[in-house]
Amino acid sequence: ITHGHSDHTGGLPMLLQSLWLAPRKRPLPVYLPAELIGPLQAWLEAVFLPPSLLGFPVDFRPWEAGRVENIAPGLRVTPFPTTHLEGLKQKIDPSAGDRFKVFGLVLETEERRAVVSSDLGAPSDLTAPLAAPCDLLVCELSHFSPAELFDFLQGKRIDRLILTHLSGELAGREEAIVAEARAALPEIGRIEVARDGEEVKF
């Protein structure tokens with residue numbers, strides 16, 4: 001879980017309920033911003049999914065920017081901060097110190113490197129993770145224009161770009177957006193818009 005917005009947390013109770021019915025027995029690690037652990041535990045209690053019912057432990061593990069997490073054998077995940085919630089923080093609680101955290105993710109194996117943007121405040125949030133080449137960039141396109149993103153990505157060493165989380169005003173324009181991206185970023189080999197249920201193999 002990269003941050004607290006409901007479109008990034010809303011599926012958690014249904015996931016856990018499905019695992020309860022499966023039934024799952026192994027512990028389930030859930031990585032997320034530390035500020036969400038208490039509220040999500042309370043939410044699970046409120047929707048009748050307490051640890052005593054599930055039959056398996058939910059192991060909430062807080063992200064820390066730059067700290068490598070060995071998620072699975074051979075897979076390292078490193079969270080990086082984004083500025084997606086900075087504007088909201090100023091409206092709700094400018095004095096909130098460690099709240100309003102958002103993380104993007106760098107996923108690495110011995111042979112591959114992928115960057116998943118999560119939600120961004122601006123394309124420049126990707127400066128640090130894209131300082132090194134990546135095989136795949138999965139990037140949201142909801143909080144800035146396609147032109148802003150494509151301008152920022154020029155010259156970056158990216159083999160494949162998958163655009164996701166398109167804003168409502170971009171819905172139905174997928175082919176035109178891909179064409180615009182290909183014209184602006186000819187050095188990227190493959191550019192596409194993600195579809196629900198799609199599996200990415202590389």
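The values are calculated or read from the model by the stated rules, or taken from the named source; none is laboratory data. Everything numeric in this text was worked out from a predicted model, so none of it was measured. With ideal geometry, Cβ positions are generated from the backbone for all residues, glycine too; neighbour counts draw on all protein chains shown. Ligands, DNA and RNA are stripped out before the accessible areas are found, and what is left, the full protein with its side chains, is counted by its heavy atoms. Shrake-Rupley method; radii C 1.70, N 1.55, O 1.52, S 1.80 Å.
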(request) Report the residue count in the stretch 78-113 for those that are among the hydroxyl-bearing types (Ser, Thr, Tyr) and at pLDDT below 95. (result) 1
(message) Restricting to the stretch 71-111, name every residue that is surrounded by 13 or more Cβ atoms within 10 Å (Cβ to Cβ), within 18 Å of Asp125 (Cβ to Cβ) and among the polar types (S, T, N, Q).
(response) Thr78, Thr82, Thr83
(message) Step by step: first the residues of the stretch 133-171, then only those that are among the aromatic types (Phe, Trp, Tyr) and in a helix (DSSP H, G or I), then the one that is most open to solvent (accessible area, probe 1.4 Å). Which residue is that?
(response) Phe152
(message) Give me the helices (runs of 4 or more DSSP H) completely within the stretch 1-112, filtered to those with at least 1 residues that are of a type in the set (A, V, I, L, M), ordered by residue number.
(response) 12-21, 37-46, 51-54, 86-92
(request) Could you tell me whether any residue of the stretch 92-113 is touching a Gly at 6+ places or on another chain (Cβ under 7 Å) and either of a type outside the set (A, V, I, L, M, F, W, C) or free of Cβ contacts under 8 Å to residues at least 12 places away in the same chain (or both)? (result) yes
(request) Go through the stretch 181-202 and give me each residue that's open to solvent by less than 70 Å² (accessible area, probe 1.4 Å), outside any loop (DSSP other than H, G, I, E, B) and under 14 Å from Asp151 (Cβ atoms). (result) Ala181, Ala184
(message) Regarding the stretch 119-132, can at least one residue be identified that is in a loop (DSSP other than H, G, I, E, B), free of Cβ contacts under 8 Å to residues at least 60 places away in the same chain and of a type in the set (Val, Ile, Thr)?
(response) yes
